[in-house]
Amino acid sequence: MAENYWDIYDPPWRELLKIAVSHAEKILREALRLRKEGVTALDFSKKMKSRWEKELYAEVLKIFKCSLLGKDTGYLKGADAEKVLVLDLFDGSSNFLFDCKYYSYNLAVIDKNDLVFGLCIDLENFDVFHALKNNGAYLNEKKLHGPAPFIDRIICSNVVIKGTYFLHFGCSSLELCMLARGSVDIVIGKSGLQDIAAAMLIALESGAVIKDWNFSDLKLLSIKKTRLEYVAGHRESVEKLSQVFGGSLKDKASYMPSSWSNIVKRGKISIDI
């Protein structure tokens, strides 16, 4: 660990990071056991993930007041709370249940509509990405320096871009973290705020820019409308892409079909928790 690494974190953020990493280890153990036992997608998505979110929320409330915006729990208003805890504790559920790579644990804190803290853990190898606003982004305690100014290596998250060659990993949070570490040049996506809030801050703090599909500054949405359309990369890369697509992706992008909703609906709830 760098000599003054923790100097950027006030005590509440240190404690939050410690609690979240420990909780991620716990739910990964539970998830691996459930997968071995043949957990249904419906059980995993609708029961377990919501339980894990409420479990973590209870711990975070011991540190500071906040509301909860959970991928599976929804919005829970906290008393006298200006901060919002934004969670998707198992992004890439389908990958995990199919025994594939790319699934992650995601926690972000929004303070007065401003992203201030983000944590994304790659649960397949337990790489820990995190960022604090205006203090940089880190991977396993090593500072990240973001993407290079190219547009050759493109990832699309949940969307298809006409006439474009791209990769897709089925985990939008980790796809933005790949950008932060410089493994790809551009990420174009349409994802829920809960999925990508933490990874957005990590990408931004690494030096990337994030725009909407009209290449204007991306604004966080309200808790009632959390679907974000975004393009992220080095500033020069995003400008080049804007030129290539005539200043807008609106008529170039279409939603990537998925069978996940049908998979989740199949079967009956059978886990006794």
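For E236, indicate whether it is acidic (D, E) and buried (at least 17 other Cβ atoms within 10 Å of the Cβ). In short, no. Out of all the residues in region 261-273, is one or more at pLDDT below 95 and at positive phi? Yes, region 261-273 contains a residue that is at pLDDT below 95 and at positive phi. Here E124 meets each of (1) crowded, with 22+ Cβ neighbours inside 10 Å; (2) assigned to a loop (DSSP other than H, G, I, E, B); (3) of a type in the set (D, E) with one exception, condition (1).
Do you know which of the residues in region 190-217 that are among the β-branched types (V, I, T) and part of a helix (DSSP H, G or I) is nearest to C177 (Cα to Cα)? Break it down stepwise before answering.
From region 190-217, those among the β-branched types (V, I, T) are 196, 202, 209-210; that's our starting set.
Then drop every residue that is not part of a helix (DSSP H, G or I), which leaves 196, 202.
On the way: I196: 10, I202: 7 Å.
Within region 190-217, the match that is nearest to C177 (Cα to Cα) is I202.
Name the residue that is nearest to G118 (Cα to Cα), counting only residues in region 225-234 that are in contact (Cβ under 8 Å) with a residue 40 or more places away in the chain and in a loop (DSSP other than H, G, I, E, B). Here the residue is T226.
Among what's in region 141-160 and is assigned to a loop (DSSP other than H, G, I, E, B) and in contact with a Phe, Trp or Tyr (Cβ under 7 Å, 6 or more places away or on another chain), pick the residue that is surrounded by the most Cβ atoms within 10 Å (Cβ to Cβ). Only one residue tops the list, namely L144. Inclusion of N95 among residues that are in a loop (DSSP other than H, G, I, E, B), modelled with pLDDT under 95 and not assigned by TED's automatic domain parsing to the domain that holds G182 is not warranted.
Filter region 38-65 for residues that are assigned to a helix (DSSP H, G or I) and aromatic (F, W, Y); which is nearest to N95 (Cα to Cα)?
Step one: filter region 38-65 for residues assigned to a helix (DSSP H, G or I), giving 41-60.
With aromatic (F, W, Y) added as a condition, the list becomes 44, 52, 57.
Values: F44: 13, W52: 19, Y57: 25 Å.
That would be F44.
Across region 76-92, the number of residues qualifying as in a loop (DSSP other than H, G, I, E, B), under 18 Å from the mean Cα position of the chain (by Cα) and of a type in the set (D, E, K, R) comes to 0.
When region 103-113 is examined, which residues are found to be of a type outside the set (G, A, S) and touching a residue at least 40 places away in the same chain (Cβ under 8 Å)?
Filtering region 103-113 down to residues of a type outside the set (G, A, S) leaves 103, 105-107, 109-113.
Scanning region 103-113 gives Y103, Y105, N106, L107, V109, I110, N113.
Only residues that are among the small types (G, A, S) and on the phi > 0 side of the Ramachandran plot were counted in region 130-171, giving 4. Looking across region 73-111, the residues that are over 21 Å from N140 (Cβ atoms), surrounded by fewer than 18 Cβ atoms within 10 Å (Cβ to Cβ) and out of contact with any strand residue (DSSP E or B) (no Cβ under 8 Å at 6 or more places or on another chain) come down to G74, A79, D80, F98, D99, C100.
Among the listed residues E30, E15, which satisfies the condition of being surrounded by fewer than 16 Cβ atoms within 10 Å (Cβ to Cβ), of a type outside the set (A, V, I, L, M) and either at pLDDT below 95 or over 19 Å from D114 (Cβ atoms) (or both)? Step through it out loud before you land on a result.
Numbers: E15 fails: surrounded by fewer than 16 Cβ atoms within 10 Å (Cβ to Cβ).
Within the list E30, E15, the selection yields E30.
Considering only residues in region 33-68 that are surrounded by fewer than 18 Cβ atoms within 10 Å (Cβ to Cβ) and in contact with a helix residue (DSSP H, G or I) (Cβ under 6 Å, 6 or more places away or on another chain), the one that is nearest to A81 (Cα to Cα) turns out to be F64. One residue stands out among those in region 127-138 that are surrounded by fewer than 19 Cβ atoms within 10 Å (Cβ to Cβ) and under 15 Å from the mean Cα position of the chain (by Cα): the one that is farthest from L17 (Cα to Cα), which is D127.
The values are calculated or read from the model by the stated rules, or taken from the named source; none is laboratory data. Just so you know, these numbers come straight off a predicted model, no measurement behind them. Note that we place each Cβ from the backbone using ideal geometry, even for glycine, and neighbour counts take in every protein chain shown.
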